[in-house]
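The values are calculated or read from the model by the stated rules, or taken from the named source; none is laboratory data. Model, not experiment: these values are computed from the prediction. Because the Cβ atoms are built from the backbone with ideal geometry, glycine has one as well, and the counts that use them run over all protein chains shown.
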Amino acid sequence: MNARANPLLETPARPLPRHVAVIGAGAIGPDIAYYLKTALPGLKVTLLDVRQEAIDAALARLAGYVDKAVQRGKMGTEQARHALEGLEGSTDYGALAGCDWVLEAATEDLALKRRIFADVEARVASDAVITSNTSSLPAGRIFADLKHPRRATVTHFFAPAWRNPAVEVIAWPGADHALVAWLRRLFAATGKLPLATSDAPCFVLDRVFDNWCNEAALLLAGATAAQVDSVAGEFVHAGPFFVLNLAHGNPIIVETNNLQADEEGEHYRPASIFRSVERWHTVAPGRQVEVPPELRERIRDRLLGVLLSQAVDIVDRGIGGAADLDLGCRIALGFRRGPLELMRELGEAECARVLRRFAAERPGMPSAQRPLAQYQPAERHVLVDDADRVKVITLRRPEALNALHDEMTDEILAVIRRHEADPRVAGFVIVGYGTKAFCAGADIGRFPSLLGDADAAAQYARDCSRLLVHLDRSPKPVVAALNGMALGGGLELAMRCHAIVADRRAVMQLPEVGLGIVPGIGAMVVPYRRWPRAAAVLHGMLTRGERLRAGQAQELGIVDELADGYQDLVTRAVARVHALAGAVRPISDGPVAVPAFEPVPPAEAGMRSAAIVALIEQAVREAAAATTLGEALEIGYRAFGTAACTAAAREGIAAFLAKRSPDFAATG
Ligand code: COA
């Protein structure tokens with residue numbers, strides 16, 4: 001059975017868990033329990049440990065998390081009550097009775113894990129799910145003695161497990177495919193980023209991290225920890241020694257690299273210095289010490305060498321997928337770019353040089369088995385699945401609520417182009433990853449570079465519109481499936497699809513006015529032509545950032561159909577693709593009438609810029625009067641360019657990036 005690229009498309013083989021036991025009240029177990037309780041509030045969670053003090057400390061820690069979340073406004077009081085209700089501690093394995101999932105996060109000792117699981121298996125039903133948290137031990141070894149191993153696998157969480165979305169799910173040969181699919185789906189539906197890996201020691205991400213740290217330690221023969229961390233800052237938010245101090249990670253590297261050395265060769269053996277040092281003398285992230293140029297180059301080449309070497313090995317051996325590898329390194333390990341992204345950026349010649357030098361200095365370490373270009377994933381930011389002759393394209397940028405940038409829109413366009421002439425493909429569905437957002441709009445992180453240059457900003461809007469203009473001309477149906485928020489550019493993308501199906505809880509919004517800019521890729525143009533009776537509502541969305549709920553949007557004809565939950569949504573969207581076959585209607589070309597705008601009340605003046613509101617109103621009126629769609633869209637692109645040169649845009653974008661409210665009172 002082939003796994004779905006988007007886990008939310010899997011049909012769950014079992015219901016949601018009702019009672020989970022987390023074994024181990026040390027560092028990571030309680031954090032996993034907290035994630036589970038906040039993600040599935042009705043769940044009963046039993047935290048099990050042999051030491052009552054550990055349980056008491058863990059429960060106090062979790063109560064502290066809840067307090068902090070309430071104080072910061074991230075959690076309401078009702079939610080807080082649910083988060084702690086049904087959470088209990090126990091030192092008695094008898095508490096496992098009736099659990100439908102036992103998650104062990106107690107130890108990295110294989111023999112002890114096996115003893116724990118023998119005990120667990122004697123107390124739970126033969127179909128209860130059993131998972132073990134480990135960063136390195138293969139599932140095949142942990143579960144070798146289980147009577148019913150098909151319900152068991154490794155789920156590897158990353159610190160802090162309640163907040164770090166990454167979790168590796170190991171697809172080992174002894175596990176039921178349906179179990180792995182169920183876990184991936186459950187994680188994706190509860191805000192996590194499940195990454196499937198094969199059962200190699202250290203899986204994907206610890207192969208990268210442990211060897212990165214080990215290589216850093218080997219470099220200490222000719223450099224200081226502070227020098228290595230300073231050079232590493234180019235690639236990671238925090239250098240290897242800083243992270244090792246934070247995580248008390250030295251013994252872990254010794255253990256995991258010994259495991260790799262025993263399995264795969266002496267070149268993985270941990271640096272001997274790990275045995276004699278407890279804490280490293282290094283610099284905090286962002287700080288630098290002086291590193292002479294020649295030494296800098298040597299450190300940089302070695303660090304890059306180990307990253308590239310591990311990356312090609314992971315892909316060559318099928319331990320994990322190329323796009324997952326990059327995403328996991330960014331999200332779980334704090335790399336600025338994934339190793340394959342780095343490879344693409346540095347170019348083949350430079351990477352080949354680095355790998356040659358690494359092979360000479362570190363004989364035995366893996367090297368590329370094919371031309372470097374072949375390691376690049378076909379898609380980095382989207383997943384593609386098949387459903388009833390329809391290509392389901394999932395926007396996946398979990399770090400930015402699936403926000404769009406040019407590379408992502410180009411990928412969507414490439415998938416559509418690849419299949420649109422194929423008579424076996426009926427059309428396309430575009431959906432967002434996770435259950436929170438379809439797409440949070442254009443990537444605001446890329447906006448600062450556009451400020452102050454009207455032509456460049458207008459051209460950016462034109463470039464971002466390549467996909468949308470293609471959709472305008474596409475005879476094959478493309479249906480948007482709104483699984484959550486559709487904001488700004490995300491909503492503009494949905495508006496250009498030939499139909500919109502929305503989860504009942506989905507919300508649409510054009511927040512640009514609050515950023516001091518205008519929605520430049522169609523929202524001031526297209527909806528007035530497609531849904532003229534929604535014009536007054538659209539005015540409010542554009543000039544006041546008003547939200548539109550899926551139900552209201554359906555009444556206005558913007559949304560074609562409502563759905564309940566992710567699977568229902570995609571099923572309906574796929575059916576709609578078939579219903580639209582041969583019946584895709586182009587957006588009308590001729591001018592349209594728009595009603596007058598209501599003046600923005602003076603009380604809202606600081607929340608919005610008068611100049612931007614005026615720009616929006618003018619663009620909407622001019623675009624409505626334009627005699628062709630192309631001309632109307634051009635008015636939108638230029639208005640985006642004009643907005644990018646205003647004081648309001650500088651203030652709005654700076655405020656978003658600084659996570660504060662904008663103040664437009666002084667910007668005009
Ligand atoms: N571009 C870039 N990053 C974005 C983004 C966007 N459009 N929308 C969200 N993100 C990022 C956030 O910066 C945050 O990153 P961080 O974890 O590194 O801080 C992450 O996605 C999660 O978003 P967060 O704001 O923490 O989630 P939330 O639930 O508190 O708020 C929103 C959700 C959608 C209300 C808020 O993210 C938002 O206002 N986003 C901007 C929407 C927008 O204006 N879109 C139009 C752009 S033209």
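Some notes on this structure:
- The residues in segment 121-163 that are in a loop (DSSP other than H, G, I, E, B) and in contact with a strand residue (DSSP E or B) (Cβ under 7 Å, 6 or more places away or on another chain) can be counted, and the count is 8.
- For segment 525-551, filtered to residues that are under 29 Å from the mean Cα position of the chain (by Cα) and surrounded by fewer than 20 Cβ atoms within 10 Å (Cβ to Cβ), the residue that is nearest to residue 631 (Cα to Cα) is 545.
- Matching entry among 348, 399, 361 (being over 21 Å from residue 200 (Cβ atoms), surrounded by fewer than 21 Cβ atoms within 10 Å (Cβ to Cβ) and within 16 Å of the ligand (Cβ to nearest atom)): 399
- Segment 74-98 - residue that is among the hydrophobic types (A, V, I, L, M, F, W, C) and touching a Ser or Thr at 6+ places or on another chain (Cβ under 7 Å) and, of those, surrounded by the fewest Cβ atoms within 10 Å (Cβ to Cβ): 95
- Test: residue in segment 189-200 that is buried (at least 24 other Cβ atoms within 10 Å of the Cβ), at pLDDT 95 or above, part of a loop (DSSP other than H, G, I, E, B) and within 22 Å of the chain's Cα centre (by Cα): yes
- From the options 96, 112, residue that is aliphatic (A, V, I, L, M), in contact (Cβ under 8 Å) with a residue 60 or more places away in the chain and out of contact with any Asp or Glu (no Cβ under 8 Å at 6 or more places or on another chain): 96
- Of the criteria (1) at pLDDT below 95; (2) in contact with a strand residue (DSSP E or B) (Cβ under 7 Å, 6 or more places away or on another chain), which one residue 401 fails: (1)
- Residue list for segment 437-463, restricted to those being more than 12 Å from the ligand (Cβ to nearest atom) and either farther than 15 Å from residue 517 by Cα or not hydrophobic (A, V, I, L, M, F, W, C) (or both): 449, 452, 453, 455, 459, 462, 463
- Criterion (in contact with a helix residue (DSSP H, G or I) (Cβ under 9 Å, 6 or more places away or on another chain), farther than 23 Å from residue 475 by Cα and either of a type outside the set (D, E, K, R) or outside any helix (DSSP H, G or I) (or both)) met by exactly one of 630, 606, 590, 668: 668
- Only listed residue being away from the ligand (no atom under 16 Å from the Cβ) and surrounded by 20 or more Cβ atoms within 10 Å (Cβ to Cβ), chosen from 623, 614: 623
- Screening 231, 254, 291, 315 for residues that are surrounded by 15 or more Cβ atoms within 10 Å (Cβ to Cβ) and not in a helix (DSSP H, G or I) leaves exactly one candidate, 291.
- Of all positions in segment 409-430, at least one carries a residue that is touching a helix residue (DSSP H, G or I) at 6+ places or on another chain (Cβ under 8 Å), part of a loop (DSSP other than H, G, I, E, B) and more than 12 Å from the ligand (Cβ to nearest atom).
- Check on residue 299, among the β-branched types (Val, Ile, Thr), within 32 Å of the chain's Cα centre (by Cα) and modelled with pLDDT of 95 or more: yes
- First in segment 382-404 and under 20 Å from residue 422 (Cβ atoms), second anywhere and assigned to a loop (DSSP other than H, G, I, E, B) and of a type in the set (Ser, Thr, Tyr), Cβ under 6 Å, 6 or more apart: 394/433
- Residue 573 being away from the ligand (no atom under 16 Å from the Cβ), at pLDDT 95 or above, buried (at least 23 other Cβ atoms within 10 Å of the Cβ) and not in a strand (DSSP E or B): yes
- Residue count, segment 132-168 (criterion: in contact with a helix residue (DSSP H, G or I) (Cβ under 8 Å, 6 or more places away or on another chain) and closer than 23 Å to residue 258 by Cα): 18
- All of (1) touching a helix residue (DSSP H, G or I) at 6+ places or on another chain (Cβ under 6 Å); (2) assigned to a helix (DSSP H, G or I); (3) closer than 30 Å to residue 151 by Cα hold for residue 89 with one exception: (2).
- Residue 373 being not polar (S, T, N, Q) and not in a loop (DSSP other than H, G, I, E, B): yes
- Applying a threshold of 9 Å to beta carbon distances and a minimum spacing of six or more residues, or different chains, the list of pairs starting in segment 433-448 at a residue that is within 14 Å of residue 511 (Cβ to Cβ) and ending at one that is near the ligand (Cβ under 8 Å from one of its atoms) and among the acidic types (Asp, Glu) reads 441/512; 442/512.
- Counting only helices (runs of 4 or more DSSP H) that sit completely within segment 469-544, those holding 1 or more residues that are more than 16 Å from the ligand (Cβ to nearest atom) correspond to 526-530, 535-544.
- Residue within segment 648-662 that is among the polar types (S, T, N, Q), buried (at least 18 other Cβ atoms within 10 Å of the Cβ) and within 16 Å of the ligand (Cβ to nearest atom) present: no
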